[in-house]
Amino acid sequence: MVVKIVLASRVSASAPSPSPSPASGGGGHRQPLCGCWFSIRNPQSHFRNPVLRLLCIESTCDETAAAVVTDSLEVLGAVVASQNALHERFGGVVPEIASRAHVERVLPVIEETLRKAGVTLADLDAIAVANQPGLVGSLLVGVCAAKALCVASGLPLIAVNHLQAHVYACKIASGEEVFPCVGLIVSGGHSNLYRCDGPTDFTPLGGTIDDAAGEAFDKVGSLLGLPFPGGPAVSRAAAQGDAKAIRFPRPLLDDPTRLAFSFSGLKTAVRYEIAGPGGDPAQVELSEQRVADIAAGFQEAVVDCLVGKSELALKMTGFDTLCVGGGVAANGRLRERLEESAAKHGHRLFIPPMSLCTDNAVMGAIAIERFKEGKFESLEMDVYPGLERIG
Ligand code: KG4
Ligand code: ZN
């Protein structure tokens, strides 16, 4: 496929020169890249522009996504290319496959996003990209694409923390000021609680000490012979089951001093429930009802832990707002229980719609806040892969 990215007319050359390039309006930041100089357009130039527009790029795991957003959090265009079909037969995300798929998709996704938004790079004020946390190969693809577009267009680069962006999705979806708040991020790799004093001021409070909630859903889905990703499949099965039929453990829930989760033992408890210690769940034939009951019991245990620790975090911080993000926030039972908790304790609850819970680039609009604070990155910006563990 031939991919053409429409570049800004104000493309600044990479020609070595000691003075700011006229093409950047004379006010650009000059940065060294691979031994040559190029010019970044002056971020303040947006004040000539009544609307600030950012291109946001997301490639931390297995979704390639881009969005054009404004400083009033209007989404001009957004595209998400999911890789679920590529990873399904492996029962989990295969990092090498993910990064190769990002390479193939990143430019078509960006081009389609710009087309939908009806803009070219010349109409933008900055390029934002998630550079942490995530899979190293996946992160690199998005970051390299963003840097290349910055070099070609002279636009400034902004870093996005993917987990903080998940919290910010609550502000985008609700149109309300959600800060200060407690942020609960529940995704395939993370189950973290944050004290969020402002959109650029996050303090980790605690998280899982082993598996993440989404990871546990995915592994339990696989134990139950359900399709990948396990989260939606387990939650669909659970809807037909009796959550009280089997009581699974609620690790760490009774400890009022710790904001921590542990889902690894819970996953093992499900394995034992299916096949007994040492047994092979793949050899056990489960009736549809038993699958549903196990799914419902497991889901209820996870939800109890997430709701209980969120309540504890609100109590400890004294905040009255809970913002929830990440793929597991798409879980209907979790939403229901969080709503009950909010009604009971009188706190505000924000959970974005499904499309903004799972990975997307719209939430990269958190970069607008960094733009306003002048927090730009050099083109030497690195990626910070791995998991943000704070348990
Ligand atoms: O945030 P996300 O899209 O990707 C990252 O991990 O960053 O989250 C994906 C996770 C997967 O583990 C998936 O199984 C889980 O979110 N998930 C769900 C549901 N939908 C997605 N878990 C439980 N119930 C759901 N309805
Ligand atoms: Zn995510």
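The values are calculated or read from the model by the stated rules, or taken from the named source; none is laboratory data. Remember, predicted model here, so these are calculated numbers, not experimental data. Methodologically, a virtual Cβ is constructed for each residue, glycine included, from the backbone with ideal geometry; neighbour enumeration extends over all protein chains shown. Please note that ligands, DNA and RNA were not included when accessible areas were found on the heavy atoms of the full protein model with its side chains. Shrake-Rupley method; radii C 1.70, N 1.55, O 1.52, S 1.80 Å.
Can you give the charge dipole size of the chain about its Cα centre, rounded to the nearest 20 debye, using +1 on the beta carbon of Lys and Arg and -1 on the beta carbon of Asp and Glu? Numbers along the way, then the final one.
Details: 34 positive and 42 negative charges, 141 e Å.
Once rounded to the nearest 20, the dipole reads 680 debye.
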Subtracting the Cα-Cα distance from 0.36 nm times the residue separation, let me have the gained length for Asp304 to Arg100 in nm, one decimal.
69.7 nm
Extension gain, Arg89 back to Val51 (0.36 nm per residue minus Cα-Cα distance, nm)
9.2 nm
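Given R₀ = 56 Å, FRET efficiency for Glu373-Arg247 by Cβ-Cβ distance, to 0.05? Mind dumping the intermediate values first?
Numbers: r = 48 Å, r/R0 = 0.86.
Approximately 0.70, to the nearest 0.05.
For Lys116 and Glu340 in the same chain, what is the full-extension length gain: residue separation times 0.36 nm, less their Cα-Cα distance, in nm? Each step should come with its number before you reach the end.
Details: separation 224, 0.36 × 224 = 80.64 nm, distance 3.86 nm.
Contour length minus the Cα-Cα distance gives 76.8 nm.
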When the accessible area of segment 175-352 is computed with all protein chains present and a 1.4 Å probe, what percentage of it is carbon and sulfur?
48 percent
Quickly work out the Asp201-to-Ser174 label distance, labels modelled 7 Å from Cα along the C-beta direction, and quote it in nm with one decimal.
1.8 nm
Leading residue at positive end of dipole, the chain (Cβ point charges), from Gly364, Val284, Ala237:
Gly364
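Calculate for the chain the 222 nm mean residue ellipticity that helices alone would give, adding -39,500 (n - 2.57) per DSSP H run of length 4 or more and normalising by residue count, nearest 500 deg cm²/dmol.
Numbers: 11 runs with 144 residues, N = 391.
After summing the helix terms and dividing by residue count, I get -11500 deg cm²/dmol.
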Positive-end residue, the chain charge dipole about Cα centroid, Cβ charges, pick of Tyr194, Gln299, Leu252:
Tyr194
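To the nearest 20 debye, what is the magnitude of the charge dipole of segment 175-352 about its Cα centre, counting +1 on the Cβ of each Lys and Arg and -1 on the Cβ of each Asp and Glu? Don't skip to the answer; put the middle values down first.
Working: 17 positive and 23 negative charges, 34 e Å.
That gives a dipole near 160 debye.
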Treating cross-link reach as a plain straight distance, find the lysines whose alpha-carbon is under 26 Å from the alpha-carbon of Lys147, omitting any fewer than eight places away in the same chain.
Lys4, Lys116, Lys372, Lys375
Highest mean first, what order results for 93-101, 120-128 on Cβ atoms within 10 Å?
120-128, 93-101
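Tell me the per residue accessible area of segment 175-352 using a 1.4 Å probe; a whole number in Å² is fine. Kindly include the intermediate steps, with their values, before the conclusion.
Details: 7220 Å² over 178 residues.
Averaged over the residues of segment 175-352, the accessible area is 41 Å².
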Proximal lysine pairs in segment 175-352, meaning Cα under 28 Å and 8 or more positions apart or interchain, come to 9
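Which percent of the accessible heavy-atom area of segment 71-146 goes to carbon and sulfur, probe 1.4 angstrom? Can you show the working numbers first?
Working: 1790 of 3230 Å².
Taking all protein chains in place, segment 71-146 shows 55 percent carbon and sulfur surface.
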Spin-label point model (7 Å from Cα, Cβ direction): what's the Leu73 to Val284 distance in nm?
4.5 nm
Could you derive backbone 3J(HN,Hα) for segment 289-294 from the dihedral phi with the Karplus parameters 6.51, -1.76 and 1.60 (θ = phi - 60°), listing whole Hz in sequence and x where the residue is Gly or Pro?
5, 5, 4, 5, 5, 5
Report the accessible area of Lys147, computed with a 1.4 Å probe over the heavy atoms of all protein chains in place, in Å² rounded to the nearest 10.
40 Å²
Under a 1.4 Å probe, counting only protein heavy atoms, Arg348 has an accessible area in Å², nearest 10, of 80 Å²
